[in-house]
Ligand code: NAP
């Protein structure tokens, strides 16, 4: 039995803990509760945008989802239920913010340090802190000068009453598209600051009718069929992104038809229209965003934000808009991965130094020089068309096989070849045709996304190949000094 520390108790951490539950597993979670993204992101309208029949664990399928894409509370409730039913909940230590993980080559042991100074030893460490957890704020002149209220979409201030207020929303990505239509009827004025337009596909997400829920509950196999159908739909989106000059044109045409139909105001249509290839940035699913932009109390602003003053936002054309509140929907510091935590591997080399601004890992999971360190949802494992939970389950099963072999370290030539292949596979895809959070490394490499289909990733990770690894030590058991916790 290996002693394993998992950092983060979101979907990735829970997936790893379930796969490794026969080992001595502890999950360290910085937040007061498990849930990760679904604990933190509580903004109005927060919901998954991959349908819940797929956006859920294969081993914990539910037939009673209330909507196509479940709201945040329902997902968090599901995660709590899975953790309880799988015996994971009692292994989660909350309010435990990890600041450092360091590998001791002599003992083959990782020491994990928390903010409060406590230290724990482990045979293996699984880092499951996700790609989207550190809110990003633009560097703007006068950011501190603003005297009104401000918060990030991932840190929603439910104590602040938006009723009747003049509100600025900066950013128009997947988060803004979910919350802005919810608050638009409540606020006095909504100023939407857009840097790039987006491609949209329809999503109403009304509650499932009772008859539908009855059918799913009653007809054997219907729920599994829905899951497979959504899986294949996701793969078809990936195909459009992989082939922008052929299949991508179908996606573009579908999106353009919806957008033309919804954007009746020619001025708003001109401003909201994206100027990049379909699928390059995340395609957004909403039937409500574009109509919202045409509400009388909403203004879409495409001039760049130049700075803030005490009472509002100034754009580069010199226009000043007075606002009571700014909501930053500007996304996350996505290329930092698990930083600011310091991860120190063999020879004292830090992961940040090893990466040198270009995060990479074999299958997104293992890194040379970091024996028995495993990443969940690591570099190049994000998906634009599928469910990240499917990737995380595959990673968890792979990690279990690795840990059962002993202390293992991926061979540098394997990791380098896999990185070269991953990067080469982006050639000609839509992802390369604009700037996005998927590619924010120093030389424009795509560091977030997997370049292929979900099924390929699941196949490649299904069987752990020991020939790609150096087995540092064949037995994980009792590398950790007894009594040293
Ligand atoms: P995001 O997609 O990174 O969007 C950030 C937005 O802020 C973009 O519109 C970006 O414009 C804009 N922005 C950034 N800096 C700016 C600046 N200085 N001035 C003006 N605009 C600026 O962030 P997000 O919406 O929080 O979503 C992040 C990811 O989280 C998504 O891609 C998705 O994977 C996930 N997510 C999923 C769900 C879901 O499943 N339901 C919901 C929310 C988020 P540019 O486009 O020009 O960069």
| task | List the number of the failed condition for residue 60; all other conditions in (1) under 19 Å from the mean Cα position of the chain (by Cα); (2) in a loop (DSSP other than H, G, I, E, B) hold. | result | (1)
| remark: residue 52 vs (1) surrounded by fewer than 22 Cβ atoms within 10 Å (Cβ to Cβ); (2) within 16 Å of the ligand (Cβ to nearest atom): all pass except (1)
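Does residue 109 qualify as being modelled with pLDDT of 95 or more and crowded, with 23+ Cβ neighbours inside 10 Å? It would help to see each step written out before you state the result.
Details: modelled with pLDDT of 95 or more: yes; crowded, with 23+ Cβ neighbours inside 10 Å: no.
The answer is no for residue 109.
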| message | Any residue at all in segment 390-407 that's in contact with a strand residue (DSSP E or B) (Cβ under 9 Å, 6 or more places away or on another chain), within 14 Å of the ligand (Cβ to nearest atom) and under 20 Å from residue 127 (Cα atoms)? | response | yes
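Taking residue 237, is it closer than 26 Å to residue 46 by Cβ, over 24 Å from the mean Cα position of the chain (by Cα) and in contact (Cβ under 8 Å) with a residue 24 or more places away in the chain? So that I can check it myself, show each step before the final result.
Working: closer than 26 Å to residue 46 by Cβ: yes; over 24 Å from the mean Cα position of the chain (by Cα): no; in contact (Cβ under 8 Å) with a residue 24 or more places away in the chain: yes.
Judged against the criteria, residue 237 is not a match.
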| task | Being away from the ligand (no atom under 16 Å from the Cβ), assigned by TED's automatic domain parsing to the domain that holds residue 171 and in a loop (DSSP other than H, G, I, E, B) is the filter here, so list the residues in segment 319-342 that pass it. | result | 324
| Taking segment 97-106 on its own, how many of its residues are buried (at least 21 other Cβ atoms within 10 Å of the Cβ) and within 25 Å of the chain's Cα centre (by Cα)? | 2
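Just checking, does segment 412-430 include any residue being in contact with a helix residue (DSSP H, G or I) (Cβ under 6 Å, 6 or more places away or on another chain) and within 16 Å of the ligand (Cβ to nearest atom)? So that I can check it myself, show each step before the final result.
Residues of segment 412-430 that are in contact with a helix residue (DSSP H, G or I) (Cβ under 6 Å, 6 or more places away or on another chain), as a first pass: 414, 426, 429-430.
Now narrow it down to the ones that are within 16 Å of the ligand (Cβ to nearest atom): 430.
The answer is yes; a qualifying residue exists.
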| query | Scanning for something within 16 Å of the ligand (Cβ to nearest atom), modelled with pLDDT of 95 or more and within 20 Å of the chain's Cα centre (by Cα), does segment 343-366 turn up at least one residue? | reply | yes
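Working carefully through the options 81, 87, find the one that is loosely packed, with under 14 Cβ neighbours inside 10 Å, in the same structural domain as residue 21 (by TED's automatic domain parsing), away from the ligand (no atom under 16 Å from the Cβ) and free of Cβ contacts under 8 Å to residues at least 40 places away in the same chain. Give the derivation first.
On the way: 87 fails: free of Cβ contacts under 8 Å to residues at least 40 places away in the same chain.
Criteria check complete, one pass: 81.
Of all the residues that make up segment 127-172, how many are at positive phi and within 12 Å of the ligand (Cβ to nearest atom)?
Here is the first cut: in segment 127-172, the ones at positive phi are 130, 142, 164, 171.
With within 12 Å of the ligand (Cβ to nearest atom) added as a condition, the list becomes 130, 171.
The total comes to 2.
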| note | Restricting attention to segment 351-370, the residues that are within 27 Å of residue 116 (Cβ to Cβ) and surrounded by 16 or more Cβ atoms within 10 Å (Cβ to Cβ) number exactly 3
| remark: Scanning segment 102-126 for residues that are touching a helix residue (DSSP H, G or I) at 6+ places or on another chain (Cβ under 9 Å) and part of a strand (DSSP E or B), the one nearest to the ligand (Cβ to nearest atom) turns out to be 126
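Scanning for something within 27 Å of the chain's Cα centre (by Cα) and outside any helix (DSSP H, G or I), does segment 309-318 turn up at least one residue?
Residues of segment 309-318 that are within 27 Å of the chain's Cα centre (by Cα), as a first pass: none.
No, the conditions are met nowhere in segment 309-318.
Would segment 70-78 turn up any residue that is at pLDDT below 95, touching a helix residue (DSSP H, G or I) at 6+ places or on another chain (Cβ under 9 Å) and surrounded by fewer than 23 Cβ atoms within 10 Å (Cβ to Cβ)? Spell out how you get there, then give the answer.
Step one: filter segment 70-78 for residues at pLDDT below 95, giving none.
No - not one qualifying residue is present in segment 70-78.
Those residues that are surrounded by fewer than 18 Cβ atoms within 10 Å (Cβ to Cβ) and within 30 Å of residue 301 (Cα to Cα), I need them from segment 334-350; list them, please.
Of the residues in segment 334-350, the ones surrounded by fewer than 18 Cβ atoms within 10 Å (Cβ to Cβ) are 336, 339-340, 342, 346-350.
Correct list: 336 only.
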| note | Residue hits (segment 28-49; more than 16 Å from the ligand (Cβ to nearest atom) and either part of a loop (DSSP other than H, G, I, E, B) or at pLDDT below 95 (or both)) are 29, 30, 31, 32, 33, 34
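To keep it simple, each residue is scored yes or no on (1) within 13 Å of the ligand (Cβ to nearest atom); (2) free of Cβ contacts under 8 Å to residues at least 12 places away in the same chain; (3) closer than 17 Å to residue 288 by Cβ.
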position	(1), (2), (3)
194	yes, no, yes
207	no, no, yes
215	no, yes, no
221	no, yes, no
| said: Tell me the residue from 129, 163 that is over 18 Å from residue 24 (Cα atoms), assigned to a loop (DSSP other than H, G, I, E, B) and assigned by TED's automatic domain parsing to the domain that holds residue 280, please. | reply: 163
| note | Taking segment 139-149 and keeping residues crowded, with 16+ Cβ neighbours inside 10 Å and closer than 28 Å to residue 337 by Cβ leaves 140
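Looking only at segment 117-138, how many residues end up being farther than 30 Å from residue 320 by Cα and surrounded by fewer than 19 Cβ atoms within 10 Å (Cβ to Cβ)? Show your work before the answer.
Let us first name the residues in segment 117-138 that are farther than 30 Å from residue 320 by Cα, namely 117-133.
Of the ones still in play, those that are also surrounded by fewer than 19 Cβ atoms within 10 Å (Cβ to Cβ) are 117-119, 121.
Qualifying residue count, segment 117-138: 4.
The values are calculated or read from the model by the stated rules, or taken from the named source; none is laboratory data. From a predicted model like this one, the values you see are computed outputs, not experimental measurements. Note: ideal-geometry Cβ built from the backbone for every residue, glycine included; neighbour counts use all protein chains shown.
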